[in-house]
Amino acid sequence: MSWFGRRTRGSATPPADAIPLVEPGASTTRYPRGALILAGLGGATLTALGLWALQSFFAPFFLALVLTICVHPLRARLEREGVTRSLATGSVIAAVFLLLAAFVTALVVAFAQFANLLPQFAPQIREIGQAVSDALTRVGFDQDQAQSIVTSLDPGRIMSFLSGLLGSVTTIAVGLIVVLTTLILMAVDASFLTTVLRELAPARPGMVAALETFASGVRKYMIATTGLGVAQGALNWVALLVLQVPGAFLWGLLAFLCSFIPNIGYFIAIVPPLVFGYFVGGWPTVVAVVVVYGVVNAVVQSLIQPRIVGNAVALSQTITFVSVLFWATVIGPIGAILAIPLTLLVRAILVDSDPETRWWRPVLGDLAETKIHMKNDDEAAKSKRRSTTDAHDERRQG
C-alpha cells in the first residue's frame, strides 16, 4: 500500500522518518519525508517557471510593493500629525512618483552619455578585443572562437546588447505603467493595513509576525542601501572626475545601482571605469580607480552598512550570492537588485510563519544566537585552558 494514501487495516508500520499531516477531526496520515522534499522541490520549480513566464508583470509589481513598504512610515507619520488619510495617501504617492521620475531621468541621461561615449573610443575597444583574441589563440583556442571576441566588442553590438538588456521602449513603458498603477492602488489599500493585520493576528499570529518582520527588514535594508548607494555613487563620481575618466556620471550611477547587488555588484561597477580609465590615463589611472573603489566599497559596504542594517537581513553570504544568481535568472536583471527582498519574502512565508520551521533561520544565516553560543564556548574553552595550565604549573612546582 502506498504511503501517499490513507492507511488501511493491517498495513505495514510507516517509516521512521514519515511526517504526520493531521487535520482537525481527521485520522493521522503519514508521508515519507523524502516524498515531501521531492514534492516541495517540484512545487518550487513550477513556481520559478511561472515567475519566469510572468516576469514582465511580476518584476514591476514586486518593485511597487517594495517601494510601498519603504514609504509607509511617511504615511504613519503624517497621520500621527493629524493629516487626513486621503491627503497622507496622496503625499506618499507623490513622493514615490518624484523618486521614480528622478531615477528614470538620470537613467536616460546616463544611457545617452554612454551612446555618445562609445564611438569616441571604438578603435581602442577593437584593439582590446584583438589583443584578447591573439592571447586566446596563443594558448590554444580556435581561431574562429577567438575572433568572435573581437566581433562581440564592436560598439554597435555593445549598444544592441544593452538595449536588449534594458528592454524595448514598449516594455519599459508597460513596466512603468504597472509600477505607477500598482503604487497608487497599494497606497490606497495600505491605509487599512494596520487594521487588517490586527484582525488577522488572533487567527494567524505566526504569519502576521512574519510579514511584519519582512516589511521591517525590507524597509531597513532598502532605505539604508539607497542612502549609502547614493553616497557611494557620488564619491566614485567625484573621484572619476578628478581622475578625468570619461563618463564619470554614468559610472557613478552604475555604482549606485550595483550597490543593491550583494557580493558581485562591486565587480560589475568597477569594470567600465577601469577600461575607460586605461584609455585616457594608462595603468596609473587604472591603479587609482582600483584604490578609490576599493576604499569606498570597504568603508560603505563592510563597515557602515552592517552597523545600520544589523540583523534585519540575516542571510548567509552563500544564500545571498545564490539568491542574486537565482532571481536574476527568474525575473531578469532587476531580480539581482531585488534579490534580498525576494529572498526575505520567501523566508517569511516558508520559515518565519511556522514555529516548527524556524529552526532553519540559523541555517539560512540568522546567527544572532549562534554567535552568543560561540562566544560562551570560546570563554569556556579559555577557562578550561587556564585551569589546565594552572594545574600543570602546580604539579611542576610540587
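Tabulated results
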| read-out | value |
| --- | --- |
| Simple spin-label estimate for Ala39 and Ala94 in nanometres, 7 Å along Cα-Cβ | 5.3 |
| Protection proxy ranking, peptides 60-73, 130-143, 333-346, average beta carbon neighbours within 10 Å, highest first | 333-346, 60-73, 130-143 |
| Cα centroid separation, region 115-134 to region 186-220 (Å) | 52 |
| Label point distance in nm, Thr318-Ala106, each placed 7 Å from Cα along Cα→Cβ | 3.6 |
| Amide H within-cut-off set for Tyr31, under 5 Å, with H built and near neighbours excluded | Ile19, Leu21 |
| Protection-proxy order for peptides 101-109, 289-297, each taking the mean of Cβ atoms within 10 Å per residue, highest first | 289-297, 101-109 |
| Whole-percent carbon and sulfur share, accessible surface of region 265-355, 1.4 Å | 76 |
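The values are calculated or read from the model by the stated rules, or taken from the named source; none is laboratory data. Please read all numbers here as calculations on a predicted model, not as lab measurements. Cβ: placed from backbone, ideal geometry, glycine included. Neighbour counts: every protein chain shown. Accessible surface areas use protein heavy atoms only, side chains included; no ligands, DNA or RNA. Shrake-Rupley method; radii C 1.70, N 1.55, O 1.52, S 1.80 Å.
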